[in-house]
Each structure stands twice: as C-alpha cells, then as structure tokens.
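So the structure is just underneath, and the comments pick up after that.
The values are calculated or read from the model by the stated rules, or taken from the named source; none is laboratory data. Because the structure is predicted, anything quoted here is derived from the model rather than measured. Because the Cβ atoms are built from the backbone with ideal geometry, glycine has one as well, and the counts that use them run over all protein chains shown. For the accessible areas, the whole protein counts, side chains as well, though only heavy atoms, and no ligand, DNA or RNA atoms are used. Shrake-Rupley method; radii C 1.70, N 1.55, O 1.52, S 1.80 Å.
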Amino acid sequence: LHWKQYTDGVHLAGLASPKPVLTVRVEAASSSEQSRLSAALALLAVEDPSLVVEETPTSTLISGLGELHVEVVLDRLQREYGLEVRTGRPAVTYKEALLLEDGEEMIETDGMVEYDRTVGGVRLQGAVRLQLSRSAAQSSSAGQDLCIPPEDPTVTLSPEARAYFNLGSDASSSPDESEHKYPPSLRALLSGARGSLKRGRLGPHSLANCECHILEVDSELSGSDASFPGAMRAAAANAVTSLLESLVRDDRIVILEPKMNVEISVPTEKVGDVLSDLTGRRGAVDDVAMAEEGGHGGGDHGKAMVQAEVPLIEILGYANSLRSLTGGEGSFSAEYKGHAPQDGL
C-alpha cells in the first residue's frame with residue numbers, strides 16, 4: 001500500500017504560542033525607514049510566533065511576553081537590521097473574568113431574552129436563552145492556583161439550539177473547522193455572541209476563561225427572510241450583553257492582570273530593602289534562600305535568592321530600581337506565569 005493512503009486526512013496539531021501580555025508602540029526614526037521597519041518586523045514575527053505585530057495607518061504595535069521580550073526585539077531591529085526606532089509607553093494586556101460563588105457552576109439568563117428592533121425599516125427580532133460558565137482550564141484549577149494563562153471565550157450549542165437550525169442534535173459543541181458548513185443564520189448567531197464577549201464591561205478588556213452555552217433560540221421571522229441572520233446576530237449579542245451587565249451590577253466580574261514569576265539575586269544585607277519594595281509593588285514572596293555562612297567564595301558569596309510573584313505592571317523598569325536599591329549588585333529574571341484577579345489597589 002502506498003504511504004499516502006495512511007497520511008491522507010492526517011493533520012499534526014500545531015504548537016500553541018502564549019498570548020502576548022505587553023504592547024509597545026514603535027515608529028521608525030524617519031518616514032523613509034518605515035517600510036524597512038515593517039519588513040523587519042514581519043520577518044521577526046515569522047521566527048517568533050509569540051511576537052504579535054499590528055500595523056495600522058497611524059501606528060505600529062508590537063506585543064510580546066514581557067518587557068525583556070520586547071527589549072530583545074528592539075535590540076535585534078538595531079543590531080541585525082540597522083534600524084533606530086522610537087518607542088511609546090508599554091501597555092499591559094488585561095482581561096475580565098466571571099466571579100462565581102462557591103459551588104456555583106454556571107450563570108443563566110432569566111428565561112428567553114428577546115430582542116425586537118426595527119432598523120432602517122427592517123425588523124430584527126429574536127430571543128435567546130444561554131448560560132455562562134468557567135472554561136475547562138479554570139474549572140480544573142479552581143481552589144488551586146488562580147493564576148493561569150487566559151483563554152478566549154468559546155461558544156457552544158445545546159441539542160435544542162442545533163435542532164432549531166436543522167442540525168443533528170447528537171452533539172452539543174460547534175467545532176470551528178465545520179462552521180463554514182453552518183447556515184448563515186447560525187454563523188451570525190455565533191458571531192454575535194463572540195463579539196459581545198469580546199467587549200469588556202469594566203474597561204477595554206475582553207472576557208477570558210469563559211464558556212457561553214446557547215440553550216434555546218426562537219424568532220418570529222422565518223429562515224427565508226433576508227433579515228434573519230442579522231436578527232440572530234443581534235439577539236445573541238443582546239442576550240450576552242444583558243447577562244454580563246447584570247453581573248457587573250452585582251460586582252461579579254473581575255479584572256485579570258498578568259503576573260510574573262520573578263527571581264532576584266541580591267546581597268544578603270539588602271534583602272530587607274528588596275522585600276519591602278516588592279510589598280509596595282503588590283508582590284507575593286514565595287521563598288527567600290539566604291547564602292550559607294562560610295559558603296563557597298565567588299560572585300555569589302553573600303547573595304540571597306528571592307522568589308516572588310509580581311504583577312507585570314509593577315515591574316516595568318524594575319532593573320533600574322533594583323540597581324538603585326542594591327548599589328548595582330542586584331539582578332533579576334522574570335517569566336510570565338498567567339493572569340490572576342487584580343488585587344491590592
């Protein structure tokens with residue numbers, strides 16, 4: 001048998017790149033070098049999938065996994081491509097998440113949520129009942145470490161909702177790879193729900209670690225009406241929005257901020273100063289390893305290692321602060337851990 005008989009239809013799962021947590025605006029030193037900057041960033045993004053480049057008519061934004069990641073990109077632009085760039089102030093990526101009570105698995109709309117508007121002489125009418133719950137990753141970590149990488153919200157369909165669109169009711173989910181086969185009205189329904197989940201209620205932050213399960217759909221319009229897909233999109237968005245706004249009123253949505261695992265090497269006599277500074281930065285100290293008396297000589301003699309979890313926003317520019325605290329003898333490394341509820345503000 002030919003080997004192609006075994007490989008047809010086989011696809012290897014790709015590697016998932018972490019989502020960026022820090023964004024910086026960059027611009028070339030002169031307008032004549034802007035095209036070179038765009039080309040260089042495109043090449044760097046191919047080499048590094050965790051680097052995200054977004055070009056708009058007025059600006060170029062690069063997003064990475066932390067301050068060091070962005071600094072490495074800027075250094076490569078200068079070293080390898082001879083480009084001098086100006087940078088703006090870093091912006092941290094925040095998310096929003098549901099705040100469920102102990103033992104609560106999901107939050108559901110109060111029955112069918114109806115949408116009925118006339119726009120430009122066209123009636124858009126539909127009703128949707130849905131529920132919101134934690135994502136599988138957040139549920140599995142409940143009661144353990146609340147700091148996890150955020151996941152984009154997902155939208156699934158109940159058997160009843162699938163049956164409404166004349167789909168088989170033996171599956172409750174809607175795999176992305178088969179959505180192109182869905183009728184336009186169903187694709188519009190899913191699009192409306194996802195779009196509403198991306199619009200933050202506490203700020204310009206999308207919802208994360210959340211599953212939206214559409215339980216029931218109804219409309220007075222027929223599937224042959226030209227306005228039916230638009231009505232489904234509006235009805236789904238309205239149902240999600242109304243449920244989220246009720247949660248905001250009850251203070252049941254929280255802001256998630258990126259946290260970093262930080263390791264700091266510091267002279268033992270400066271440990272107290274560093275710990276006090278970390279506390280002021282809303283850091284949580286995990287461990288302090290002091291140098292043993294009579295230990296081996298060398299550069300690490302008399303040094304302590306501090307391990308802590310610190311919000312990313314609090315350690316931007318930390319290298320300069322640490323040098324000032326330790327007389328130039330301290331050093332640190334930081335690694336993205338995940339997003340966790342913002343506290344201490």
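Of everything listed in (1) of a type outside the set (A, V, I, L, M); (2) at pLDDT 95 or above; (3) in contact with a Leu (Cβ under 6 Å, 6 or more places away or on another chain), the single unmet condition for Glu309 is (3). The set of residues in the range 99-111 that are open to solvent by less than 50 Å² (accessible area, probe 1.4 Å), more than 21 Å from the chain's Cα centre (by Cα) and under 23 Å from Asn238 (Cβ atoms) comprises Ile107, Thr109, Gly111.
Among the residues of the range 32-49, is any in a loop (DSSP other than H, G, I, E, B) and closer than 25 Å to Ile313 by Cβ? Yes, the range 32-49 contains at least one residue that is in a loop (DSSP other than H, G, I, E, B) and closer than 25 Å to Ile313 by Cβ. Applying a threshold of 6 Å to beta carbon distances and a minimum spacing of six or more residues, or different chains, the list of pairs starting in the range 44-68 at a residue that is hydroxyl-bearing (Ser, Thr, Tyr) and ending at one that is open to solvent by 50 Å² or more (accessible area, probe 1.4 Å) reads Ser50/Ser17; Ser50/Pro18; Ser59/Arg25; Ser63/Val52. Within the range 159-181, not a single residue is surrounded by fewer than 12 Cβ atoms within 10 Å (Cβ to Cβ), of a type outside the set (Asp, Glu), in contact with an Asp or Glu (Cβ under 8 Å, 6 or more places away or on another chain) and modelled with pLDDT under 95.
Within the range 177-220, restricting attention to residues that are among the hydroxyl-bearing types (Ser, Thr, Tyr) and under 20 Å from the mean Cα position of the chain (by Cα), the residue that is nearest to Ser242 (Cα to Cα) is Ser196.
What number of residues within the range 303-314 are part of a helix (DSSP H, G or I) and open to solvent by 10 Å² or more (accessible area, probe 1.4 Å)? Selection size over the range 303-314: 2. Scan Val285, Val266, Val271, Val262 and give me the residue that is in a helix (DSSP H, G or I) and more than 19 Å from Cys212 (Cβ to Cβ). Among Val285, Val266, Val271, Val262, only Val271 is in a helix (DSSP H, G or I) and more than 19 Å from Cys212 (Cβ to Cβ).
Residues in the range 3-32 that are modelled with pLDDT of 90 or more and out of contact with any helix residue (DSSP H, G or I) (no Cβ under 8 Å at 6 or more places or on another chain) were compared, and the one that is nearest to Glu151 (Cα to Cα) is Pro20. On the stretch given as the range 117-139, residues that are open to solvent by 50 Å² or more (accessible area, probe 1.4 Å), polar (S, T, N, Q) and not in a strand (DSSP E or B) total 1. Residues in the range 192-251 that are touching a Lys or Arg at 6+ places or on another chain (Cβ under 6 Å), part of a helix (DSSP H, G or I) and open to solvent by 20 Å² or more (accessible area, probe 1.4 Å): Val248 alone. Is there a residue in the range 298-306 that is under 23 Å from the mean Cα position of the chain (by Cα), modelled with pLDDT of 95 or more and of a type in the set (Val, Ile, Thr)? Among the residues of the range 298-306, not one is under 23 Å from the mean Cα position of the chain (by Cα), modelled with pLDDT of 95 or more and of a type in the set (Val, Ile, Thr), which makes the answer no. No other residue among Glu114, Glu96 is in a strand (DSSP E or B), open to solvent by less than 50 Å² (accessible area, probe 1.4 Å) and charged (D, E, K, R) apart from Glu96. With respect to being surrounded by fewer than 19 Cβ atoms within 10 Å (Cβ to Cβ) and of a type outside the set (Val, Ile, Thr), Glu67 falls outside the description. Scanning the range 70-81 for residues that are open to solvent by 60 Å² or more (accessible area, probe 1.4 Å) and of a type in the set (D, E, K, R), which turns out farthest from Ala39 (Cα to Cα)? Only one residue tops the list, namely Glu71.
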